[in-house]
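So the structure is just underneath, and the comments pick up after that.
The values are calculated or read from the model by the stated rules, or taken from the named source; none is laboratory data. From a predicted model like this one, the values you see are computed outputs, not experimental measurements. Using ideal geometry, Cβ is built from the backbone for each residue, glycine included, and neighbour counts are taken over all protein chains shown. Note: accessible area is taken over every heavy atom of the protein model, side chains too, but ligands, DNA and RNA are not part of it. Shrake-Rupley method; radii C 1.70, N 1.55, O 1.52, S 1.80 Å.
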Protein chains: 2
Amino acid sequence: MSILLRQSRSIRAIGTPFSSLSRGYATEAKVRFFPDEPSKPIMKYDQLPGAKTVVLATSLAALTDSYLMIDRLDYSNSIGNYLQDADGNKFLDVFAQIASIAIGYNHPELLALARSDEFVQLAMNRPALGGFPPSNWNDIISNGLLKVAPPGLDQLFTMMCGSCANEGALKAAFFAYRQRERGSQLAEFTSEELKSCMNNHTPGSPDLVAMSFRSGFHGRLFGSLSLTRSKAIHKVDVPAFDWPAVEFPQLRYPLAEFEAENKKIEAASLQGVEETILEWKKKGRSVAALIVEPIQSEGGDYHASPAFFRALRALTLKHDVYLIVDEVQTGVGATGHFWAHEAWNLETPPDFVTFSKKMQAAGFYHTMETRPSQPYRNYNTWMGAPTEILKARTIIDVIERENLLHHVKDVGAYLYGGLETLSKSVGQNKIVNLRGKDSGTFLAFDSATPKMRDDFVNKMKLAGVNMGGCGDKTVRLRPMLVFEKPHADIVLETAEKVLKDL
Amino acid sequence: MSILLRQSRSIRAIGTPFSSLSRGYATEAKVRFFPDEPSKPIMKYDQLPGAKTVVLATSLAALTDSYLMIDRLDYSNSIGNYLQDADGNKFLDVFAQIASIAIGYNHPELLALARSDEFVQLAMNRPALGGFPPSNWNDIISNGLLKVAPPGLDQLFTMMCGSCANEGALKAAFFAYRQRERGSQLAEFTSEELKSCMNNHTPGSPDLVAMSFRSGFHGRLFGSLSLTRSKAIHKVDVPAFDWPAVEFPQLRYPLAEFEAENKKIEAASLQGVEETILEWKKKGRSVAALIVEPIQSEGGDYHASPAFFRALRALTLKHDVYLIVDEVQTGVGATGHFWAHEAWNLETPPDFVTFSKKMQAAGFYHTMETRPSQPYRNYNTWMGAPTEILKARTIIDVIERENLLHHVKDVGAYLYGGLETLSKSVGQNKIVNLRGKDSGTFLAFDSATPKMRDDFVNKMKLAGVNMGGCGDKTVRLRPMLVFEKPHADIVLETAEKVLKDL
């Protein structure tokens, strides 16, 4: 009998209501959003990937980079927080397509949208939105993406993906920076600029730089990858811009316990930011933009305090650096704010806020100041996907109507509390640096080693909970906004069993 | 009475069947693909943009970069080759969302696809395709994108847009180039490489370069924009990689008439390519990849001969340079081949062929040699849009079943012949350098000046034919694959009137 088969015995028991176990985190409350969901994960076979998944994955290996694809999913039989695979296993999904599902699988309002004439028309007559938007485009964005524009930012530019969104914002920042240097939006380019840029040389292709934080992740295209500093495997062998990176505060958790120490760590990071800005300016290569995630996500779920971000904003204003807040992973509600940066209480809004993932649509918000001086400077054929922009409108509607931000805060506190309790009961070094106390369900903790983290994630999956890691040894929780306390109980109960055996 | 109003009188006459005019290009044949299309453009008002469009455009100006958006379209009332705007004008559309509509507006099979459960499921439960593809993914790509894989290329990597596709292929080329330098797919990265790439420095971020042709267009993200050499306004103020560009042959048209001369021009370009490769190698910055469009499209519709491209392929093989053929605009049938580069009769296929636009889906084809050595090197959350990949399957089906490649060749020859005749009758310098004789409906000609080109395009639109320009003074025709001879007659008849008045 294989190890996997032996493991499966305990797997089958995971349906036991958590309330019947020793700690009893919750009552057997019914879920509210998707009453037809399974009440617990259902694992039909003893190992993963299952037989059908293996067959499908093997045949695909001949066609495309199959390293990446080990699961095969049955979306028609997925519902709410539950994801079904080709073998009929039903997972409670707290990874959610890499943090990209907002309101659950097969949400009835999204399905209704898909069947609407409006959706069908735009899906099948795909407009080049920059030149030929549909006649009701104003309504679509006013009742959707612009309804949730971050405070102080009233301009919208739509693009296709998170990397594109970050690069689009960065281009706009470079345009605006050079415009400001010229002294006017109306200033003309010199003939030398127009000529030299065709050779990718200065002054037309300026020596300006963009700055990012170590362990940050901002995408994988050539500009965004130059900003990304998460893992070498993402970057090695790809030519990169010689742009500076600075240390992100590596705080101690729980934050409240180490406040004084963390303040010093944050001060050191801020000092690094300012020194780097000055140092590169001296080199003749000014920093035009700084990009930052409200919580560094792919890189390891690193947090910093609102005070840190307020000081960062002040620094960027002081040195005429545009601030791009990358909310691709943190945006759209999972932190209990619609935008994670709303928790900072900034006096002056950031210059750009980028989005993608749970929004389905991608792009960035900004102000009139950073609107390009001429047409066709930021542009491309599609300028975003109209289908995804329609989906965003529905998702935003549901978040508002169901008051999901409040819900996420509530469930997040519950899940955090459960993990905190668990961290004390399962033994040393199994749940380390638990973090996200004030970040809704955007929670994470470290394992003692990378291997232990991988084992944990794999065993959780075998036990019916689909999870993801980030950084080297971090477990990240990225449930959907419709994740409820009974789901949290299943996560906690399963984690308890898996951790005890680890 | 305004000039525009006066112009409108002749506009209203454009419905006269061309066969009743002097030259009589065609019979009053019925169209085959969309029998319910209007038989001619219908212009309801005397000027463009119409009143409703102006109101909608003005209100949008407060929200987003409105320079770009002058039209407002009514997609529900568009059909086949006809695009209706918010004011009820019905244009014959030979621009087709910047060359991105393949089989016509509101094609019944696409509408049926949109209403299918398969489409609805994948539209509303958007998978992160790299990790969680649907269980029938093998079938979807085998019966779709892979059915039209260019000869010799059997690997597929899907992405979100044309710029992304080019950058993904370029990343894969850099990976493969470094692997070949290391001598094995299994060779490990050195610790120095892994460390230095986190600082964007060599050797981990290599000094390798990618080469492109002057007046080429490959996109607008930071890597693809560094390859783009079409217009300064696309590039100015954006930092760029110091990568080389070489002259694209500037041939004389018609090609057959200037064969000997053009051969010399092409030989000079090829010499430039080889010299540049050697020169940059000497500098220690080897050219890892060369990207080329089969017909330079945005840059001005410049052609080169199959012999040129065969020699180019031989050069890239000789110098170990990966060849990326950018078929974002030329692919999917408009040249009468599914892929324009099929006309070259290459002995060795290109290393990469990229696609987007009319395919709706984007990505690139390649070989096993250039599959990355490890997972997560080329990767992102969505790895393409499943809705667009489903649409590609339908579009490919329709192209095959309706034999649209043959149809495009036939109509293209007819339209080319009509333009050739017209060029002789309308007076000097109005249709110059007519080109695309063997390129299906992928046709273009120059005006005498940029202003004359703009006037022509604007007046064609006022007369009910939606067209586009490219380069400085070029008119490009980019009809859909369902463009028929009666449509060609309307274009020719309208052009004749507009050109005579110009």
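For the stretch A:218-274, filtering for residues that are of a type in the set (A, V, I, L, M), more than 14 Å from chain B (Cβ to nearest Cβ), surrounded by 15 or more Cβ atoms within 10 Å (Cβ to Cβ) and outside any loop (DSSP other than H, G, I, E, B) leaves 4.
Residues that are at pLDDT 95 or above and within 25 Å of A:His337 (Cα to Cα), at least 3 per element: which strands (runs of 3 or more DSSP E) completely within the stretch A:378-485 meet that?
On the way: elements: A:432-435, A:443-446, A:468-470, A:474-477.
Filter on the stretch A:378-485 gives A:432-435, A:443-446, A:474-477.
Only residues that are in contact (Cβ under 8 Å) with a residue 60 or more places away in the chain and either within 24 Å of the chain's Cα centre (by Cα) or within 8 Å of chain B (Cβ to nearest Cβ) (or both) were counted across the stretch A:42-81, and they come to 2.
Here the condition is being open to solvent by 20 Å² or more (accessible area, probe 1.4 Å), in contact with a strand residue (DSSP E or B) (Cβ under 7 Å, 6 or more places away or on another chain), within 7 Å of another protein chain (Cβ to nearest Cβ) and of a type outside the set (Lys, Arg); of A:Leu146, A:Leu122, A:Leu111, it holds for A:Leu146 alone. On the stretch given as the stretch A:389-405, residues that are closer than 19 Å to A:Asn138 by Cα and open to solvent by 10 Å² or more (accessible area, probe 1.4 Å) total 3.
Per-residue answers, yes or no, for (1) charged (D, E, K, R); (2) under 20 Å from the mean Cα position of the chain (by Cα):
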| site | (1), (2) |
| --- | --- |
| B:Ala385 | no, yes |
| B:Ile389 | no, yes |
| B:Asn403 | no, no |
| B:Ser423 | no, no |
| B:Gly427 | no, no |
| B:Ala444 | no, yes |
| B:Met452 | no, no |
| B:Asp455 | yes, no |
| B:Asn466 | no, yes |
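The residue that is farthest from the other protein chains (Cβ to nearest Cβ), counting only those in the stretch A:133-143 that are touching a helix residue (DSSP H, G or I) at 6+ places or on another chain (Cβ under 7 Å) and open to solvent by 20 Å² or more (accessible area, probe 1.4 Å), is A:Asn143.
Residues of the stretch A:28-79 that are open to solvent by less than 30 Å² (accessible area, probe 1.4 Å), among the β-branched types (Val, Ile, Thr) and at pLDDT 85 or above: A:Thr53 alone. Only residues that are surrounded by fewer than 20 Cβ atoms within 10 Å (Cβ to Cβ) and in a loop (DSSP other than H, G, I, E, B) were counted across the stretch B:350-370, and they come to 1. Checked against (1) outside any helix (DSSP H, G or I); (2) among the hydrophobic types (A, V, I, L, M, F, W, C); (3) in contact (Cβ under 8 Å) with a residue 40 or more places away in the chain, A:Ala495 passes all but a single condition, namely (1). Restricted to the stretch A:156-200, and to residues there that are at the interface with chain B (Cβ under 9 Å from one of its Cβ atoms) and open to solvent by 50 Å² or more (accessible area, probe 1.4 Å), the residue that is farthest from A:Ala210 (Cα to Cα) is A:Lys195.
Is the stretch A:290-310 home to any residue that is more than 30 Å from B:Gly219 (Cα to Cα), part of a strand (DSSP E or B), more than 14 Å from every other protein chain (Cβ to nearest Cβ) and of a type outside the set (Lys, Arg)? It would help to see each step written out before you state the result.
Residues of the stretch A:290-310 more than 30 Å from B:Gly219 (Cα to Cα): A:295, A:300-310.
Checking which are part of a strand (DSSP E or B) leaves us with A:302.
Checking which are more than 14 Å from every other protein chain (Cβ to nearest Cβ) leaves us with A:302.
Subsequent filtering for residues that are of a type outside the set (Lys, Arg) retains A:302.
The answer is yes; a qualifying residue exists.
Looking at the stretch A:82-96, is at least one residue facing chain B (nearest Cβ under 7 Å), in contact with a strand residue (DSSP E or B) (Cβ under 9 Å, 6 or more places away or on another chain) and modelled with pLDDT of 95 or more? No - not one qualifying residue is present in the stretch A:82-96.
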